[in-house]
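Trainee: There's a structure below that I have some questions on.
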Amino acid sequence: MTDQSDPEAQAGKLKPWIKPSIVMHRSGLVNKFGAVRRDRWQTDIEEVPIGELVHDFGSPLFVISESKLRDNLHRLMRAFTARYPSVRYAWSYKTNYLGAVCNTFHQEGAWAEVVSAFEYEKARALGVPGEQILFNGPHKPRAILERAIKEDAHIHIDHLDELYLIETIAKETGKVVDVTIRLNFETGYTENWGRFGFNVESGQAIDAAWRIARSEQLRLTGLHSHIGTFVLDQRAYGAQARIMCAFLQEAEDKTGCEIETLDFGGGFASHNALQGIYLPPEQVVPSFDQYAEAICTPLIEATYERSARGRPLPILILETGRAVVDDAESLVTTVVANKRLPDGRRCVVADAGVNTLFTAFWYNHQVLPTRELIGTPEETVIYGPLCMNIDVVRSSILLAPLKAGDTLVISPVGAYNNTQWLQFIEYRPNVVMVHPGKEVSLVRSAEKLDSITAHEHLPKHLSSPVKSK
Amino acid sequence: MSAIMVAPNRIAVTGMNARPDNPGPGLAVARCLREAKNYSGKIIGLGYESLDPGLHLPAYCDAGYLLPYPSSGDDAFLERIELIREREQIDSMIPCLDAELPIMTRLAAELEKMGVATFMPTSAQLELRSKDRLDELAGHAGTDAPKTKSVTEAGFFFNCGQQGWHYPFVVKGIFYDAEVVKSAEQGAAAFRRISAQWGLPVLVQEFLEGEEINLTAVGDGKGKMLGAVMMKKLAVTDKGKAWAGISIADERLFDASAALVAATQWKGPLEVEVMRTADGTYQLIEINPRFPAWIYLSAGAGRNLLEVLLQLMRNETPPEMEPAPAGVIYLRYAEDNIVPLADYESVIMHGWRVPVPEPENHKQ
Amino acid sequence: MTLDSIDEQVILPDPMALKRLAVSESGFVFDPVSGHSFTVNETGLVILHALQRDSRLNDIRELLSSDYDVDSQNLDRDLLEFLGSLSNQLEHP
Ligand SMILES: Cc1ncc(COP(=O)(O)O)c(C=O)c1O
């Protein structure tokens, strides 16, 4: 870490060293007041000094805040329950399926939303009962479907082949299975993810509802749709609510089913800067209240009459992923080297790259130093440690000079990194969680050689690098 | 935001990017302020680039300051305004660029706390002018609006005929940019280019032939439109920006704008853009939540709208005014301003140009 | 690599180019030949002034290490990099 002692006391009257720099003024680039504030740095995470964390757990290091996770979920639920009486939340495993993260949410009442056999098994292994699991996704092999049906999990059907398979299993086990169908449609504000579920406009979805109504084995009780991710225009959700309610009406009128749940999927944007979006997150990302307003107002309007006829209001389900987890996690990385590129730009090499920070492919994450930097900020490229040209953490950021050994905090990184990170070239680092009261625990340990070779098998004649005679 | 009563005496005006080919409105606003009969205070020009011409023009701006780009976030913006307030004692701000309005309206209360007053639209009024709500706006104005649709997939351009969309029509970005397309291939290409830059949805809009006419005025926030000036472009640059225009008296444009202001209770400056088509329909194209770059025409036509804005900021009731007389022409030209190297240095190194103090000793 | 082993002629920017620079105390630097302007930081300014006074490399190193808290390895590395980028900016802007 940086020296803790007072430099003046250490070196008499010597001034602290500032790496000399010269920067040419280019038209359109000369507004140093237009960029990052030079006085911004971050010394701790939830009051635990970053130096201490790195000393104890190494670098790079993921740091999760438990209270932030809980707070975020509370805020989301408050926004919705204040506007609609019956709200259920399911934690989307793929966003971050570290056990400690999942269980924090489960303790707050979250169900599990899973999309594969692995995720299903993980939720069960953590102790989530089958009836509190929503099972989405286009690939649910027979074995896991059999288990899910036996354990009364909520299956969200993606396509007709799956529908037939569920019907077959149900017949074999003599069960009547409550199912949800996933819908897709044009909201007018998002690109339709038409590859998932049944299309509303073409009539596919109502055909599926008919098909289920005619089955002895199946009961249609839920509608689901996940319209996209990082949806910045909350009006898309208003449109989704209207379209799904209209479909609910049509399906109930035509097929006689009774819909109990309306699942809106995920997709709320987090406070991260998407590449290619000009304005910063605080200016473009709607609040939970704005999303809630967009969904609940048309939802109440559309179901008002239905509830007047004595039908209970459908349960509103949310599978919000990134917006509740992203800003609860940071990545600490260490500067390995400073360089000049042939074109004159400055760059630093950090020990975390796209292998640990997969989301660097689409976000301009916030990067803060952990001490006050002295000197003129300059356009800088931050590269990761990989011997690969694509390993770029930030392609351009204004930073004052850094020293090798300096640490940087990258945030927010809670969504889709601990699940999409790559075991590529480097070991994956430690992940710690800071609990209330500044207590820190290791929630996933850094990989070692064993973690990777444990799954390999060397055929006998390849067990040595030397050819046997 | 029940505005505190202020008597603006040190006004900051943004948008000093008075580029010859596509000027921001700030410098013209400053010029109107200079000539306003009810204002003799200081004018502080705010811009984003050290070469923004308005920063360097003492005739209109007593001092010039750089601002952080709206993209650097609320904190950086507020901090810079606070510094400018401390140094220049600014007491009010007139934002002149579209991209500033969202951040300014969101931070209006904080600015006010800081002692910086504004008179601008509310966030809800700003949202109304989002391009995909044109129909709603036109409803308020009692005009037509070009048929507009949000498109999220390039596939639309290949079967749009079935939905009643026939080439040519216009493909527009949600914030900026527009291209007339004549075929499915062109449409899909424009869709990809524009969505890559400005995101989804992309809008398609009926291609209208006709004459664009504009109106600028100030809404008092209670439904009244004040001091309208109407203009028809006489000549445009290759970017489609007017460099000459003439004031007109078009009753339908006036009535439509007044209805809009009444229905939305518009607060602050606005510009209304309308297309008068060959067959006599009036189509609402857009409203901008600020003064236009041609605002000096208002002073030229004897309806200096900055005087009106100042009266509203002071809680005075502006007198009833006849619409501006027709037939006043403005002709924009470029002029080379001489800038001392020291001023340029100061803007680069400190982000400001401040007046050079009078030397105490005039002798050698 | 240490600076002692380096040929000053090769690494120092052209003395004529250095002399013509207008260097302001704010760190604003103007090159009247190319018309380019630059910002140098505090230590860059010290070095630039020294170079304009025809200081030798060793003088500059001493000057800096007597005022700043820096070890010779870091000093040499940063100084080399600065001189490199200075020459670059002055000669092939
Ligand atoms: C079905 C489903 N639900 C929820 C989510 C979580 O989405 P987000 O992180 O955008 O909220 C996803 C993500 O892809 C999903 O596919």
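The values are calculated or read from the model by the stated rules, or taken from the named source; none is laboratory data. Since this is a predicted model, take the numbers as computed values, not measurements. Cβ atoms come from the backbone with ideal geometry, glycine included; neighbour counts cover every protein chain shown. Areas reflect the complete protein model, heavy atoms only, side chains present, ligands, DNA and RNA absent. Shrake-Rupley method; radii C 1.70, N 1.55, O 1.52, S 1.80 Å.
Trainee: If you keep only loop residues by DSSP, which chymotrypsin sites (Phe, Trp or Tyr not before Pro) in segment A:407-438 have at most 15 other Cβ atoms within 10 Å of their Cβ?
Mentor: A:F424, A:Y427
Trainee: So which of B:K172/B:K239; A:K19/A:K339; A:K150/A:K175; B:K224/B:K267; B:K149/B:K239; B:K131/B:K172 end up more than 18 Å apart, counting from Cα to Cα?
Mentor: B:K149/B:K239, as the Cα separations exceed 18 Å there.
Trainee: Where does helix B:101-114 land angle-wise versus the long Cα axis of chain B, in degrees 0 to 90, nearest 10?
Mentor: Value to nearest ten degrees: 30.
Trainee: At a Cα cut-off below 16 Å, give the aspartates and glutamates reachable from B:K37, other chains included and same-chain residues fewer than 8 away excluded.
Mentor: List returned: B:E307, B:E316.
Trainee: Using only protein heavy atoms and a 1.4 angstrom probe, determine the accessible area buried between A and C, summed over both sides, in Å² to the nearest 100.
Mentor: Counting both chains, the buried surface is close to 2200 Å².
Trainee: In whole Hz, what ³J(HN,Hα) sequence does segment A:96-106 give by Karplus (6.51, -1.76, 1.60; θ = phi - 60°), x for Gly and Pro?
Mentor: Ordered by residue, 3J(HN,Hα) equals 6, 9, 4, x, 5, 5, 4, 5, 4, 5, 4 Hz.
Trainee: Give me P(r) over the protein assembly as shown, computed from all C-alpha to C-alpha distances, binned every 10 Å, as integer percentages.
Mentor: Taking all Cα pairs of the protein assembly as shown, the binned fractions are 2, 10, 16, 20, 20, 16, 10, 5, 1, 0, 0 percent.
Trainee: Semi-axes of the equivalent ellipsoid of chain B: what are they in whole Å, largest first, if each equals the square root of 5 times a C-alpha gyration tensor eigenvalue?
Mentor: 36, 24, 20
Trainee: Can you tell me the 0 to 90 degree angle between the C-alpha axis of helix A:288-308 and the longest principal axis of chain A, rounded to 10?
Mentor: Value to nearest ten degrees: 10.
Trainee: Quick one: among B:Y333, B:Y39, B:Y60, which has the greatest mean-square fluctuation in a GNM of chain B with alpha-carbon springs under 10 angstrom?
Mentor: Maximum among the listed residues: B:Y333.
Trainee: If the elastic network links every pair of Cα atoms under 10 Å, which of B:K239, B:K224, B:K182 fluctuates the most in the Gaussian network model of chain B?
Mentor: Between B:K239, B:K224, B:K182, it is B:K239 that shows the largest mean-square fluctuation.
Trainee: What share of all Cα pairs of segment A:136-320, in percent, falls into each consecutive 5 Å distance bin?
Mentor: Spelled out per bin, shortest first, that is 1, 8, 17, 19, 18, 15, 10, 7, 3, 1, 0, 0.
Trainee: Just in segment A:266-328: which trypsin sites (Lys or Arg not before Pro) are loop by DSSP and have at most 13 other Cβ atoms within 10 Å?
Mentor: In loop regions of segment A:266-328 (DSSP not H, G, I, E or B), the sparsely surrounded trypsin sites (Lys or Arg not before Pro) are A:R309.
Trainee: Now a separate question. How large is the dipole of chain B about the Cα centre if only Lys and Arg carry +1 and Asp and Glu carry -1, each at its Cβ, rounded to the nearest 20 debye?
Mentor: The calculation lands at about 160 debye.
Trainee: How large is log10 I(q)/I(0) at q = 0.08 Å⁻¹ when the Debye formula is applied to the Cα atoms of chain A, each weighted equally and without solvent?
Mentor: -0.58
Trainee: Under 10 Å, Cα contacts only: if you run a Gaussian network model on chain B, which one of B:G26, B:G351, B:G268 comes out with the highest mean-square fluctuation?
Mentor: The residue with the greatest mean-square fluctuation here is B:G351.
Trainee: Give a quick list of trypsin sites (Lys or Arg not before Pro) in segment A:173-261 that DSSP marks as loop, anything other than H, G, I, E or B, with at most 11 other Cβ atoms within 10 Å.
Mentor: Within segment A:173-261, the qualifying trypsin sites (Lys or Arg not before Pro) (loop, at most 11 other Cβ atoms within 10 Å) are A:R195, A:R214.
Trainee: Over segment A:147-269, average the accessible area per residue using a 1.4 Å probe and give it in Å², no decimals.
Mentor: 39
Trainee: Name the residues whose placed amide hydrogens come within less than 5 Å of the amide hydrogen of A:E378, ignoring near sequence neighbours (fewer than 5 apart) on the same chain.
Mentor: Counting only residues 5 or more places away or on other chains, the set is A:L399, A:A400.
Trainee: With n ≥ 4 as the cut-off for DSSP H runs, can you work out [θ] at 222 nm for chain A, using -39500 (n - 2.57) per run divided by the number of residues, rounded to the nearest 500?
Mentor: Computed ellipticity for chain A at 222 nm equals -8500 deg cm²/dmol.
Trainee: Using helices alone, I'd like the mean residue ellipticity at 222 nm for chain B: each DSSP H run of four-plus residues gives -39500 (n - 2.57), total over residue count, nearest 500.
Mentor: Result for chain B, helices only: -9000 deg cm²/dmol.
Trainee: Quick check of the Kirkwood formula: for segment B:147-206, what is the inverse mean of 1/r over all pairs of different Cα atoms, in Å?
Mentor: By the Kirkwood definition, the hydrodynamic radius is 10.9 Å.
Trainee: Compare A:T81, A:T376 by solvent-accessible area with a 1.4 Å probe and give them largest first, with all protein chains kept in place.
Mentor: Result, largest first: A:T81, A:T376.
Trainee: Once Lys and Arg get +1 and Asp and Glu get -1 on their Cβ, which of A:I166, A:T261, A:I295 lies farthest toward the positive end of the dipole of the protein assembly as shown?
Mentor: Of the candidates, A:I166 comes out farthest on the positive side.
Trainee: Tell me, Kirkwood radius of segment A:142-217 from alpha-carbon pair distances, in Å?
Mentor: 13.2
Trainee: Work out Dmax and Rg for segment A:45-86 from the C-alpha atoms and quote the Rg first, both in angstrom.
Mentor: 16.2, 48
Trainee: Per DSSP H run of at least 4 residues, take -39500 (n - 2.57); add these up for chain C, divide by its residues and hand me the 222 nm value, nearest 500 deg cm²/dmol.
Mentor: Computed ellipticity for chain C at 222 nm equals -16500 deg cm²/dmol.
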